[in-house]
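Undergrad: I have a structure here, written as structure tokens, and I will follow up with some questions on it.
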There are 2 protein chains.
Amino acid sequence: MAVSARRGAPLSPEEIHAEALRLIDEQGVEALSMRKLAAALNVNPMSLYHHVPNKEALLDGVRTLVLSEIKPADDDGSSWQEQIRGLGAGLRALAHRHPSLYPYLCAHPQLMRQDGVSDVLCRVLAAAGVPEERMAAVRNALFAFTAGFLLAEINGMFPGRDDAAFEEAVTLIVNGLSAYGRDGSGGNAHAEVSPG
Amino acid sequence: MAVSARRGAPLSPEEIHAEALRLIDEQGVEALSMRKLAAALNVNPMSLYHHVPNKEALLDGVRTLVLSEIKPADDDGSSWQEQIRGLGAGLRALAHRHPSLYPYLCAHPQLMRQDGVSDVLCRVLAAAGVPEERMAAVRNALFAFTAGFLLAEINGMFPGRDDAAFEEAVTLIVNGLSAYGRDGSGGNAHAEVSPG
DNA sequence: ACCTGAACACCGTTCAAGT
DNA sequence: ACCTGAACACCGTTCAAGT
């Protein structure tokens, strides 16, 4: 059986990811090392490598663990404006729950492309009047805008957690989306400008 | 004089920062180490510490070096929409010139608060009809949106350098700003919603 | 199957010593 | 004033060996 002398149960990836997230939330990503993580788990540093290929894969696991917290709400019948605000608030809550990990979430956007969130967002955007052929671009822009705003917020661009600043930002977005509903073109006088 | 046996001239912070930037652009931020940098400068690793306090300060210097590339254009009489597009394109060019450093620029937004850029942006926003008391919030939001979009782009959210996606994003912003010009309130039906 | 200790190739940084 | 070598306290990771 060869279970660790210092522990009752064998390690598992889940346990490792959870403890890594705890350490990151507590001390920051920079402070996480395989050796410290092993110490926190009361285990030899090298034991980790039987459950996780390397540190990069470990961080990948932590990122997916955090992203699993996202539970996009169902359509509750409210206006698309309200639903946009709700989605933004949800992502914002996640960012503030894990401020130290958040920049690393932004740095790996393939994980941010969770189908659940994307589907809900697209439904709301369709309700706002975004035409099908521009849906992907608008959805990506919105996602990037939101992630960027939260990154700036977490990095201290605003003094503390400034809810008014967040409201202003969401309003800017909602107003921008409204143009799609008015004429279906997004009012884009520059859509055919030759790109750079 | 005690100049390095292997070099003609003594080191300088400028030389160190420039070489560090070169290495970062070439091999990525993760690959930069004090020891490799010293080797690239043909110098003993410890010599660096006579010109730079530590690695964090070195990266700070590299960031300010890159930010000094920003030269916000003067008012050329074009519409505020065109000027917004110009500012965005300028920041985008910088991001693509230094894709590896760019995420680290975003992580230290105090450096992004260059007065020059901020002043120009505020002038353009005033032309768009943003009222004085909301200027700071809108300026910050715009900056964070742009930085976030470019971060997503650099991190591979879009397939390659997708100019159409960037145009769509800027259009969304421009449309959002247009609401301020229509009624001066930004059309913000939710400005007084109780935060959180 | 799971764990471990020793070892390797790296780090950033300090410090006393050189010229 | 500027540079240097040795040393310290860390890293991530490999590998052969243990049960």
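The values are calculated or read from the model by the stated rules, or taken from the named source; none is laboratory data. Computed from a predicted structure; not experimentally measured. For neighbour counting, all protein chains shown are included, and Cβ atoms are generated from backbone atoms with ideal geometry for every residue, glycine included.
Undergrad: Looking at (1) touching an Asp or Glu at 6+ places or on another chain (Cβ under 8 Å); (2) part of a helix (DSSP H, G or I); (3) among the polar types (S, T, N, Q), find the lone condition where A:GLN81 falls short.
TA: Here A:GLN81 meets the rest and fails (1).
Undergrad: So how many residues does segment A:100-123 have that are at pLDDT 80 or above and within 21 Å of A:GLY86 (Cα to Cα)?
TA: Matching residues across segment A:100-123 total 10.
Undergrad: Another question, if that's okay. What are the pairs, 6+ residues apart or on separate chains, where a residue within segment A:122-142 that is in contact (Cβ under 8 Å) with a residue 24 or more places away in the chain has its Cβ under 8 Å from a residue that is hydrophobic (A, V, I, L, M, F, W, C) and outside any helix (DSSP H, G or I)?
TA: Between residues of segment A:122-142 that are in contact (Cβ under 8 Å) with a residue 24 or more places away in the chain and residues that are hydrophobic (A, V, I, L, M, F, W, C) and outside any helix (DSSP H, G or I), the close pairs are A:VAL138/A:VAL130.
Undergrad: Can you tell me which of B:LEU121, B:LEU105, B:LEU91 is more than 12 Å from the chain's Cα centre (by Cα), assigned by TED's automatic domain parsing to the domain that holds B:GLU167 and either surrounded by 15 or more Cβ atoms within 10 Å (Cβ to Cβ) or farther than 21 Å from B:ILE173 by Cα (or both)? I'd like the intermediate steps shown before the answer.
TA: Numbers: B:LEU105 fails: more than 12 Å from the chain's Cα centre (by Cα); B:LEU91 fails: more than 12 Å from the chain's Cα centre (by Cα).
Criteria check complete, one pass: B:LEU121.
Undergrad: Say whether the condition of being charged (D, E, K, R), more than 13 Å from DNA strand D (Cβ to nearest atom) and either over 23 Å from A:TYR102 (Cα atoms) or within 14 Å of another protein chain (Cβ to nearest Cβ) (or both) is met by at least one residue in segment A:48-67. If you could, list the steps in order and put the result at the bottom.
TA: Of segment A:48-67, the ones charged (D, E, K, R) are A:55-56, A:60, A:63.
The next check asks that each one be more than 13 Å from DNA strand D (Cβ to nearest atom); those that pass are A:63.
Next cut, either over 23 Å from A:TYR102 (Cα atoms) or within 14 Å of another protein chain (Cβ to nearest Cβ) (or both) only: A:63.
Scanning segment A:48-67, I find at least one residue that is charged (D, E, K, R), more than 13 Å from DNA strand D (Cβ to nearest atom) and either over 23 Å from A:TYR102 (Cα atoms) or within 14 Å of another protein chain (Cβ to nearest Cβ) (or both), so the answer is yes.
Undergrad: Something else: Is segment A:22-35 home to any residue that is more than 14 Å from DNA strand D (Cβ to nearest atom), at negative phi, surrounded by fewer than 17 Cβ atoms within 10 Å (Cβ to Cβ) and without any contact (Cβ under 8 Å) to a residue 24 or more places away in the chain? Working first, answer last.
TA: Taking segment A:22-35 first, the residues more than 14 Å from DNA strand D (Cβ to nearest atom) are A:22, A:25-26.
Among the residues that remain, those that are also at negative phi are: A:22, A:25-26.
Now restrict to residues that are surrounded by fewer than 17 Cβ atoms within 10 Å (Cβ to Cβ): A:22, A:25-26.
From what is left, the residues that are without any contact (Cβ under 8 Å) to a residue 24 or more places away in the chain are A:22, A:26.
Yes: one or more hits.
Undergrad: Looking at (1) within 13 Å of DNA strand D (Cβ to nearest atom); (2) over 21 Å from the mean Cα position of the chain (by Cα); (3) of a type outside the set (A, V, I, L, M, F, W, C), which one does A:GLY77 not meet, given that it meets all the others?
TA: Every condition holds for A:GLY77 apart from (1).
Undergrad: When segment B:144-168 is examined, which residues are found to be among the aromatic types (Phe, Trp, Tyr) and more than 7 Å from every other protein chain (Cβ to nearest Cβ)? Write out each step before concluding.
TA: Filtering segment B:144-168 down to residues among the aromatic types (Phe, Trp, Tyr) leaves B:145, B:149, B:158, B:166.
Once the filter is applied, which keeps residues that are among the aromatic types (Phe, Trp, Tyr) and more than 7 Å from every other protein chain (Cβ to nearest Cβ), segment B:144-168 yields only B:PHE166.
Undergrad: Suppose we filter A:GLY129, A:GLY176 for residues that are at pLDDT 95 or above and at positive phi; which single one remains?
TA: Numbers: A:GLY176 fails: at positive phi.
Just a single option satisfies the conditions, and that option is A:GLY129.
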